[in-house]
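The values are calculated or read from the model by the stated rules, or taken from the named source; none is laboratory data. Since this is a predicted model, take the numbers as computed values, not measurements. When we count neighbours, we look across all protein chains shown, and the Cβ atoms used for this are built from the backbone with ideal geometry, even at glycine. Surface accessibility is based on the protein's heavy atoms, side chains included, excluding ligands, DNA and RNA. Shrake-Rupley method; radii C 1.70, N 1.55, O 1.52, S 1.80 Å.
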Amino acid sequence: MHAADLAQEARVSAAWKVLHTVLDPEVPAVSVCDLGIVRDVVAGEAGLEIVLTPTYSGCPATEVIESDVLAAIDAAGLGPARVSLRRAPAWTTDWISAEGRRKLAQYGIAPPGMVDKDAAVPIRFFGRSMNIATPACPRCGSAQTERLSAFGATACKALYRCLACREPFEHFKPI
Ligand SMILES: [Zn+2]
């Protein structure tokens, strides 16, 4: 392998490390990597290309994420870089990492269940697997919950209330 290739490889892995510190503007408990938004990092002659798949089409956070990503890469001295958007296949909550699901629950947001039923459930939550229909309370783990509203603070979340501890909580909707 050429020295130049090695340098490019080091640049790409350094970029991944930086991207793990870029937080989602709407759910600052998780990084853009935890959410599975960053699909690829490619080193080329013109610099780094960061390939992103937006969570929801028309999500206003996408532009913020793009500029946050470029600012972080620049600040780390890894620029020049540009962002390209890959819209197919569409993002799914199944791409949220196990680490990301743990962070969501710690933040008080019930993580989404798996859309693909064949996929291994990456997190056991208070000792049980997450169920898509009735998310467990992120505070006490009770499965006795009711939906208050289809939309929470953002369109990607629904508002629930725990019937055991009576606390309202948000559920990251599986898509
Ligand atoms: Zn509860």
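The separation of the range 147-168 from the range 23-79, counted between C-alpha centres, amounts to 28 Å. May I ask for the longest run of the chain untouched by trypsin sites (Lys or Arg not before Pro) that are loop-located per DSSP and have at most 13 neighbouring C-beta atoms (other than their own) within 10 Å? Excluding the exposed sites themselves, the longest stretch runs over 1-85. The residue list Pro80, Ile37, Phe151 was ranked by how far each Cα lies along the charge dipole of the chain toward its positive end, using unit charges on Cβ atoms, and Phe151 comes out on top. Computed from Cα positions, the angle between helix 3-19 and the longest principal axis of the chain comes to roughly 30 degrees. Return the calculated 222 nm mean residue ellipticity for the chain, to the nearest 500 deg cm²/dmol, obtained by summing -39500 (n - 2.57) across DSSP H runs with n ≥ 4 and dividing by the residue count. Only helices count here, giving -7500 deg cm²/dmol.
When the chain is treated as a Gaussian network with alpha carbon springs shorter than 10 Å, the biggest mean-square fluctuation among Val32, Val69, Val42 belongs to Val42. Cross-link partners for Lys17 among the aspartates and glutamates, with Cα-Cα distance under 17 Å and sequence neighbours closer than 8 places in the same chain left out: Glu9, Asp34, Asp40, Glu49, Glu66, Asp68, Asp74, Glu99. For Thr145, nonlocal amide neighbours, meaning residues 5 or more places apart or on other chains whose placed amide H falls under 5 Å from its own, are Leu163. Summing Lys and Arg as +1 and Asp and Glu as -1 over all other residues whose Cβ lies under 12 Å from the Cβ of Ala153 gives a net charge of -1. Tell me the angle of helix 61-75 to the major Cα principal axis of the chain, expressed in degrees between 0 and 90 and rounded to the nearest ten. Value to nearest ten degrees: 40. The magnitude of the dipole of the chain, with charges of +1 and -1 set on the Cβ of Lys/Arg and Asp/Glu and taken from the Cα centre, is near 840 debye. Surface composition of the range 3-85: carbon plus sulfur atoms contribute 55% of the solvent-accessible area (1.4 Å probe, protein chains only, all chains present).
Comparing Leu35, Leu85, Leu52 in a Gaussian network model of the chain where C-alpha atoms under 10 Å apart are linked, the largest mean-square fluctuation is found at Leu85.
Heavy-atom accessible surface of the chain, averaged per residue, reaches 51 Å², computed with a 1.4 Å probe. Note on the chain: Kirkwood hydrodynamic radius from all Cα pairs is 17.3 Å, rounded to one decimal. Using C-alpha pairs under 8 Å with a sequence gap of at least 6, the mean separation divided by the residue count of the chain gives a relative contact order of 16 percent.
I need the GluC sites (Glu not before Pro) found in the range 2-94, filtered to DSSP loop residues with at most 11 other beta carbons within 10 Å of theirs.
The qualifying sites are Glu45.
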